[in-house]
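Notes to accompany the following structure.
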Amino acid sequence: MIYIAVAIIIGMGALGTAIGFGIMGGKFLESSARQPELAPQLQVKMFILAGLIDAISMIGVGIALYILFVVAPGLGGVY
């Protein structure tokens, strides 16, 4: 069950990141097409948000690996 939980955590993090990047990229292209003069400012903000979206998924991967390598071996009953 631990392995399934780790797979779900990593999978949902990847899925959420992909959806977030898709929505953000679409909105960036839409707003750049409406107001081309604001494209450089929007691009900076988009890259900042891209870093934050990636950070959230990396935190999930870190938690999943912690569960896999620290919590799971202790549940086997052999200390």
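Tabulated results
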quantity	calculated
Any chance ILE48 is in a helix (DSSP H, G or I), within 30 Å of LEU75 (Cβ to Cβ) and of a type in the set (A, V, I, L, M, F, W, C)	no
Tally of residues being surrounded by 12 or more Cβ atoms within 10 Å (Cβ to Cβ) and closer than 30 Å to VAL71 by Cβ across segment 22-57	4
Total residues in segment 35-60, condition in contact with a Gly (Cβ under 7 Å, 6 or more places away or on another chain) and more than 16 Å from ILE4 (Cβ to Cβ)	2
Hey, ALA33 part of a helix (DSSP H, G or I) and without any contact (Cβ under 8 Å) to a residue 24 or more places away in the chain or not	yes
Residues located in segment 51-79, provided they are assigned to a helix (DSSP H, G or I) and among the β-branched types (Val, Ile, Thr)	ILE53, ILE56, ILE59, VAL61, ILE63, ILE67, VAL70, VAL71
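Coordinate-derived values only; no laboratory data. These figures come from a predicted structure and were not determined experimentally. When we count neighbours, we look across all protein chains shown, and the Cβ atoms used for this are built from the backbone with ideal geometry, even at glycine.
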